[in-house]
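Peer 1: Can you read through this structure? Questions will come right after.
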Ligand SMILES: Cc1cc2nc3c(=O)[nH]c(=O)nc-3n(C[C@H](O)[C@H](O)[C@H](O)COP(=O)(O)OP(=O)(O)OC[C@H]3O[C@@H](n4cnc5c(N)ncnc54)[C@H](O)[C@@H]3O)c2cc1C
């Protein structure tokens, strides 16, 4: 048990002088002895910002540093609402001022370029080196650019946006939709599993249709999908039939859904069944963990990061926790809600680990709301626990909005979706 | 917890033989008192995810109901009713079914601790 306080921790504690204060407290309270431990968090998205906030909320004595290059973080959640004309970009932009001011988190606007897991340091692009006792890595995703012939980062930025990292990409797609003629064709091309936000492409098709129906009603939205089935399929199909008959069409792999290559000049995609032209083409490429996870050797052959599901500590490198889209979290989908739930579990585990205690069994949650029309919301929920095989959904829990839900229920879910967004971004960034 | 404290204490005493302390960092250690004895760690882990919909500590800013400040008894019976389908809901039944009755009790008690309403 005494090995819980390593020599390194020891030296550091006495160097900072915090131990003296802690000693003085033992007589009067049961306060634990985590004061001054340094946790560095990489990435200020749903996973990283939630972890940083909850580390400080649950143990204000920790020294928490959040490294994130962007001063303003545009959330992917509700970026489809922007495409539908139901939100502005400003309404889905979060900043780090409150985390710094109210919670005392050191927010460092920089990019981590290397992690030395032996020394316990991270190196920033700007040259600084930060030491950590525990490191949290939540870098989100990167794209496999070469997976689709002819597609590239340059093409994404000029003609065929992915809009799967919100910001300039969302604006580009929106601009193209606004410029498109009435009667145009929008192609949405999602990847195979696993990928960020499984219902995302289908919510996107819905809200683009919502916009088109009002402004360009002769237009069409065609989803070209390499998958045989997709998230909330029954609910989406029913919603499309009711709200956008003739406008939204889904084509699976047997119907030429698999995109083999793209041509930016001709604005077309090639599938098994030949060439298809689009006025707006949204390519969502296959994905992998964010770059720093690879640089630091945290990934396995799958391109994602294996972790211990109790603490989200990497099974490859000690004292490094990987959460959010970048990690392999068993049955959990890659979502913002899941990333924040994982971040909280990791925060609680880190606090216990720093005190030499075992983390408790995790409890994880996800809910993805999708808006099909302005007053037409559906959701998929899941509560997860640890089983011998890893993180599994608790039998009997979770599941979908009932397929026969009343209009009233669908409207309530649309309103709760809105409230979910308000509350989760406040829970994380405010 | 006590065994860990003993170790910390003896480790400190050992070290104090060779190091002279100054006493800064009081603010930091005072803050950590909040995170103490009566928070059940499992109750905490079960409860933190509720904030994703209800807002931090159940304080909602939108149409999803707040449960901030409600008694543990109220929260416990609401969750049990959702779980049993005795109370209408869009999503709460799907969530409440993910917890055993004992876990529901722990969740209710945890929130009671957060707002100091436990007996
Ligand atoms: C269209 C769309 C709709 C979606 N809708 C929903 C929804 O309704 N509900 C939901 O729950 N989820 C939704 N998602 C999914 C959600 O956006 C992601 O699952 C979530 O953002 C994952 O969080 P994360 O922390 O893993 O990564 P991110 O949120 O992507 O955050 C990663 C952060 O790390 C930073 N970073 C990366 N590398 C470094 C580095 N080396 N150094 C420092 N910083 C770095 C990046 O700048 C970024 O800010 C949606 C996604 C899309 C694309």
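Peer 1: Could you grab me the full set of residues in region A:302-333 that are within 13 Å of the ligand (Cβ to nearest atom), over 15 Å from the mean Cα position of the chain (by Cα) and within 13 Å of another protein chain (Cβ to nearest Cβ)?
Peer 2: Selection gives A:312 alone.
Peer 1: Applying the selection to region A:376-409, what residues are over 25 Å from the mean Cα position of the chain (by Cα) and either within 16 Å of the ligand (Cβ to nearest atom) or farther than 30 Å from residue A:312 by Cα (or both)?
Peer 2: A:402, A:403, A:404, A:405, A:406, A:407, A:408, A:409
Peer 1: Also, I was wondering about something else. Let me confirm something: among A:64, A:40, A:18, which residue is modelled with pLDDT of 95 or more and either away from the ligand (no atom under 11 Å from the Cβ) or within 12 Å of chain B (Cβ to nearest Cβ) (or both)?
Peer 2: Sole residue among the options that is modelled with pLDDT of 95 or more and either away from the ligand (no atom under 11 Å from the Cβ) or within 12 Å of chain B (Cβ to nearest Cβ) (or both): A:64.
Peer 1: Only one of (1) within 19 Å of the chain's Cα centre (by Cα); (2) surrounded by fewer than 24 Cβ atoms within 10 Å (Cβ to Cβ) is not met by residue A:369, so which one is it?
Peer 2: (2)
Peer 1: May I ask you to verify whether residue A:55 is touching a helix residue (DSSP H, G or I) at 6+ places or on another chain (Cβ under 8 Å) and without any contact (Cβ under 8 Å) to a residue 60 or more places away in the chain?
Peer 2: Considered against the rule, which asks whether it is touching a helix residue (DSSP H, G or I) at 6+ places or on another chain (Cβ under 8 Å) and without any contact (Cβ under 8 Å) to a residue 60 or more places away in the chain, residue A:55 comes out as no.
Peer 1: Oh, and also: Assuming residue A:356 fulfils every condition listed in (1) more than 16 Å from the ligand (Cβ to nearest atom); (2) in contact with a helix residue (DSSP H, G or I) (Cβ under 7 Å, 6 or more places away or on another chain); (3) under 20 Å from residue B:47 (Cβ atoms) apart from one, which condition is it?
Peer 2: (3)
Peer 1: How many residues, within region A:309-329, are in a loop (DSSP other than H, G, I, E, B) and farther than 15 Å from residue A:350 by Cβ?
Peer 2: Result for region A:309-329: 3.
Peer 1: Can you tell me how many residues within region B:61-83 are crowded, with 19+ Cβ neighbours inside 10 Å, within 14 Å of another protein chain (Cβ to nearest Cβ) and within 17 Å of the chain's Cα centre (by Cα)?
Peer 2: 2
Peer 1: Among the residues of region A:67-88, count how many are on the phi > 0 side of the Ramachandran plot and more than 9 Å from the ligand (Cβ to nearest atom).
Peer 2: 1
Peer 1: Just checking, how many residues over region A:334-349 are touching a residue at least 40 places away in the same chain (Cβ under 8 Å) and more than 16 Å from the ligand (Cβ to nearest atom)?
Peer 2: Total satisfying the criteria: 1.
Rundown of residues vs (1) buried (at least 16 other Cβ atoms within 10 Å of the Cβ); (2) touching a helix residue (DSSP H, G or I) at 6+ places or on another chain (Cβ under 9 Å); (3) under 30 Å from residue A:211 (Cα atoms), yes/no style:
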{"residue": "A:99", "(1), (2), (3)": "yes, yes, no"}
{"residue": "A:114", "(1), (2), (3)": "no, yes, no"}
{"residue": "A:119", "(1), (2), (3)": "no, no, no"}
{"residue": "A:131", "(1), (2), (3)": "no, yes, no"}
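Peer 1: Mind checking which pairs have a first residue in region A:167-181 that is free of Cβ contacts under 8 Å to residues at least 24 places away in the same chain and a second that is in a helix (DSSP H, G or I), Cβ under 8 Å, 6 or more apart or different chains?
Peer 2: A:168/A:157; A:169/A:156; A:169/A:157; A:172/A:157
Peer 1: Further question: Being at pLDDT 95 or above, buried (at least 21 other Cβ atoms within 10 Å of the Cβ) and more than 15 Å from residue A:44 (Cβ to Cβ): is that true of residue A:180 here?
Peer 2: no
Peer 1: What is the number of the single condition among (1) more than 14 Å from chain B (Cβ to nearest Cβ); (2) more than 8 Å from the ligand (Cβ to nearest atom); (3) over 22 Å from residue A:351 (Cα atoms) that residue A:91 does not meet?
Peer 2: Looking at each condition in turn, residue A:91 falls short on (1).
Peer 1: Also: Could you tell me whether residue A:299 is within 13 Å of the ligand (Cβ to nearest atom) and surrounded by fewer than 24 Cβ atoms within 10 Å (Cβ to Cβ)?
Peer 2: Against the criterion (within 13 Å of the ligand (Cβ to nearest atom) and surrounded by fewer than 24 Cβ atoms within 10 Å (Cβ to Cβ)), residue A:299 does not qualify.
Peer 1: Please verify whether residue A:275 is free of Cβ contacts under 8 Å to residues at least 40 places away in the same chain and either within 12 Å of chain B (Cβ to nearest Cβ) or buried (at least 24 other Cβ atoms within 10 Å of the Cβ) (or both), treating the condition exactly as stated.
Peer 2: no
The values are calculated or read from the model by the stated rules, or taken from the named source; none is laboratory data. These figures come from a predicted structure and were not determined experimentally. Please note: Cβ atoms are built from the backbone with ideal geometry, for glycine as well, and neighbour counts cover all protein chains shown.
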